[in-house]
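To start, the structure itself, in structure tokens.
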Amino acid sequence: GEAAAATAEVQLSRRRWVTLLLFSSYSLCNAFQWIQYGSIANIFMHFYDVSALAINWLSMSYMLTYIPLLFPVAWLLDKRGLRFIALAGSALNAVGAWVKLGSLKPYLFPITVLGQVICSLAQVFILGMPLRIASVWFGSHEVSTACSIAVFGNQLGIAVGFLVPPVLVPNVEDVEKLAHHISIMFFMTAGVATALFILVVIVFKEKPPHPPSRAQALSQARAPAEYSYVQSIRRLLCNANFLLLMITYGLNTGCFYALSTLLNRMVIQHYPGKEVDAGRIGLTIILSGMVGALISGIWLDRTKTYKQTTLVVYVMSLLGMIAYTFTLSLGHLWVVFVTAGILGFFMTGYLPLGFEFAAELTYPESEGTSAGLLNVSAQIFGIAFTIGQGQIMDHFGTKAGNLFLCSFLFLGTVMTAFIKADLRRQQANLDNEQT
């Protein structure tokens, strides 16, 4: 394998950017469907006549579905490859969007749940892909940037999910008018999802003609018999640095999931009737986070300071969460926009950092497996934090709920400081270049 990697022709493919853009697009559509209920939770509660917890479960279904299906899908990613996973993810995303069109009556809430569960199945085929696409298609000096852009799609989808639903679905009392507005949103989503699936069928390829880096050449040259999926998981779970990262990534991303799901309730509680502004605050969090993710990716490609960058971003996420917590109730929306933007820049910007740091700590293990374990941790903490913060908000208010998240971000910061920077992928690239 090492001999084959040393003699393999390393070359970048022009198609890599098209592949990345297409993946980001259907990831965007899937993320939009995750948050489209939560961003106007009070409106859907009125339309379907259900509790806040029921609407929260539409969001948490994404998290719950991912946990048991991670390992089967990660196994499929290793056995069947990128194209199969892309086809499955984009197809399920389109099917779920069309099913939701059958739920345009108040008594059809179970149908919208079914559509959301199908979309949550699609998410299982999407979340672990950014790191694999970046590694398979991009060179060693652009892999972190590519991973950040791949994560962008998902984050941009959440941003659109905060911005568009409050505009398309105004808070009106008439149920028939409300159903009409909801149908417009559902039809648009289904049309976009179907178009993206067709593009995946036509455009998306398994891998480029030549490996883009020495590390990828070595990975491809490894004989299939050498790889055992179960053994790979065992090795990952015995890697102390990766275990620490898995917990800290789960704590940070779980806080983000809870914040996104409950944002509408937080803002409406302090600023009644401001559904559109709540969506704009969510948009601010995501857009600033996308900028943070891009800057982090470029910074990592240039400096390779994974441990230091991850720790600094984690500390700033904690400080941003504290600032947001104590400014939310001041009565000045512009201040909330500022503190939410600072929080998003670091908390959302952390997501691709975790993927890339995991790839370094676990090379030559499958990127899909390491990313999948990170995401499982995020889903578990996301469910726990969403339920926990929701209950605390109901009994003690939004400030207590946000302080609940702050305490876990502090714990994550301390644990991140103990992760050692064992950069195995960088070392493999250096060794193969010297060879």
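The values are calculated or read from the model by the stated rules, or taken from the named source; none is laboratory data. What you are looking at is a predicted structure, and each value in this text was computed from that prediction instead of being measured. We place every Cβ from the backbone using ideal geometry, glycine too, and count neighbours over all the protein chains shown. Please note that ligands, DNA and RNA were not included when accessible areas were found on the heavy atoms of the full protein model with its side chains. Shrake-Rupley method; radii C 1.70, N 1.55, O 1.52, S 1.80 Å.
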- Using θ = phi - 60° and the Karplus relation 6.51 cos²θ - 1.76 cosθ + 1.60, list the HN-Hα couplings for region 69-83 in order, rounded to whole Hz, with x at every Gly or Pro. 9, 3, 5, x, 6, 5, 5, 4, 4, 6, 8, 9, x, 5, 4
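Okay, helix-only estimate at 222 nm for the chain: each DSSP H run of n ≥ 4 adds -39500 (n - 2.57), divide by all residues, round to 500 deg cm²/dmol; what do you get?
When only DSSP H runs of four or more count, the value is -27500 deg cm²/dmol.
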- For region 228-434, what relative contact order do you get, as a whole percent, if you take Cα pairs closer than 8 Å and at least 6 residues apart? 37 percent
- For region 228-434: accessible area per residue (Å², 1.4 Å): 36 Å²
- Note on the structure: Longest principal axis of the chain (C-alpha) makes with the long axis of helix 109-124 (C-alpha) an angle, in degrees to the nearest 10, of 20 degrees
- Query: How many percent of the accessible area of region 9-79 is carbon or sulfur, using a 1.4 Å probe?
  - Reply: 66 percent
- To the nearest 10 degrees, how steep is helix 367-396 against the longest Cα principal axis of the chain, on a 0 to 90 scale? 20 degrees
- Query: Remind me, relative contact order of the chain in percent, using alpha carbon pairs under 8 angstrom and six or more residues apart?
  - Reply: 25 percent
- Message: Cut-off under 16 Å on the C-alpha distance; same-chain residues fewer than 8 positions from Lys304 excluded. Which lysines are left, in chain and number order?
- Response: Lys420
- Item | Rounded to the nearest 20 debye, dipole of region 228-434 from Cβ charges on Lys, Arg, Asp, Glu | 260 debye
- Message: Using the Karplus curve 6.51 cos²θ - 1.76 cosθ + 1.60 with θ = phi - 60°, what ³J(HN,Hα) values do you get for each residue of region 295-302, in whole Hz, with x for Gly and Pro?
- Response: 4, 4, x, 4, 4, 5, 4, 8
- From the backbone phi of region 327-337, what are the Karplus-calculated ³J(HN,Hα) couplings (6.51 cos²θ - 1.76 cosθ + 1.60, θ = phi - 60°) in whole Hz, Gly and Pro given as x? 9, 4, 9, 6, x, 10, 4, 5, 5, 4, 4
